[in-house]
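The values are calculated or read from the model by the stated rules, or taken from the named source; none is laboratory data. All values derive from a computational prediction rather than experimental measurement. Here Cβ is always computed from backbone atoms with ideal geometry, including for glycine, and neighbour counts include all displayed protein chains.
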Amino acid sequence: MKSTSVAGKKFDHFKGLSMVLLGAVLWGVSGTAAQVLFQRDGFQSGWLVSVRMSIAGMLLLAGVSIKSGPMRTIAVWKDKRDALKLVLFGIIGLLGVQYSYFSSIRYGNAATGTMLQYMGPIFITGYLALRQRRLPSISQFAAVFLALAGALLLVTNGDFHSFSIAPLAFFWGLVSAITLAFYSLYPQVLLQKYDSATIVGWAMLIGGIGMSFITPPWRYTGHSSLGAWWLVSFVVLFGTLVAFYVYISSLKYITASEASLLSCGEPLSASIIAVAFLHVQMGLPAMIGGVCILVTVAILALNRPAERPVPITEKSSRR
């Protein structure tokens, strides 16, 4: 009986690791799909963000309503302060990180855009150090140094006199890292009171509606084809809804540190696909820079205190 229990725990752990890796890969592939839509088919990043967030938000909230009931889904709107926090999270957090991330891909490529976004933990570390009025640890200093060195190599490809990527790609990538830090830190109070799927679902819908005032979903520019609409469907369904679901579900079986480490599968998958299929040129210095940023994520994840898996209502997904 005991051996069966141990085997069951090992299987659950393996299942959790597989799920978070699948979610990370889907995010990475969706970034590459977005690059094709922007650079080959002429779609706008704002339009894709409004469609992606609106549809995924509605589907996610529908799932929560079916599972937990409509009253639980709208509970957050009964508290004015929580409702205001939710709106700010949706506009600044989710919409901010989505729009800046896709804009970085539009002006550059999925590989560098995703790598730059992974500098988010550095801004989180800096903010927490200032807020708690303490110096970062030696390992955190090492992580900051690696991240900055990695970003420098990534955007210059070793030639420090010029950029190897478009300045706008770097700018939006940096913005996506900052908004990712806000996205990770701001909703913690909400996530302690409400189900994470409910909060993220409403935030997606709010962000999608907000973006619709600028780029309405029914007005798009780009080459309309079966292949293009298949890519849009993939980004919305698999790159958003399925990726979020498997990631958040994995937190029932593994720790947040393990999830953070395996989420490095996102930039790796984006880089591999971009280089192999889209013929994105990445020199050795840029590749080393990307590795430095991934090592940064590993250092910061391993630097967390020991933890156990907790109910998914107490955690959120990175997207």
Q) Name the residues in the stretch 29-44 that are of a type in the set (A, V, I, L, M, F, W, C) and in a loop (DSSP other than H, G, I, E, B), would you? A) F43
Q: With the condition kept exactly as written, say whether any residue in the stretch 265-283 is in a helix (DSSP H, G or I), closer than 25 Å to L190 by Cα and either in contact with a Ser or Thr (Cβ under 9 Å, 6 or more places away or on another chain) or modelled with pLDDT of 70 or more (or both).
A: no
**Q.** Residue list for the stretch 92-143, filter: surrounded by 17 or more Cβ atoms within 10 Å (Cβ to Cβ), over 13 Å from the mean Cα position of the chain (by Cα), more than 15 Å from F170 (Cβ to Cβ) and among the small types (G, A, S)
**A.** A143
Q: Would you check which residues across the stretch 239-264 are at pLDDT 75 or above and closer than 25 Å to R106 by Cβ and list them?
A: G239, T240, L241, V242, A243, F244, Y247
Q: List every residue pair whose Cβ atoms lie under 6 Å apart, where the two residues are 6 or more positions apart in sequence or sit on different chains, the first residue falls within the stretch 57-79 and is farther than 25 Å from V236 by Cα, and the second residue, located anywhere, is modelled with pLDDT of 90 or more and among the small types (G, A, S).
A: W77/A83
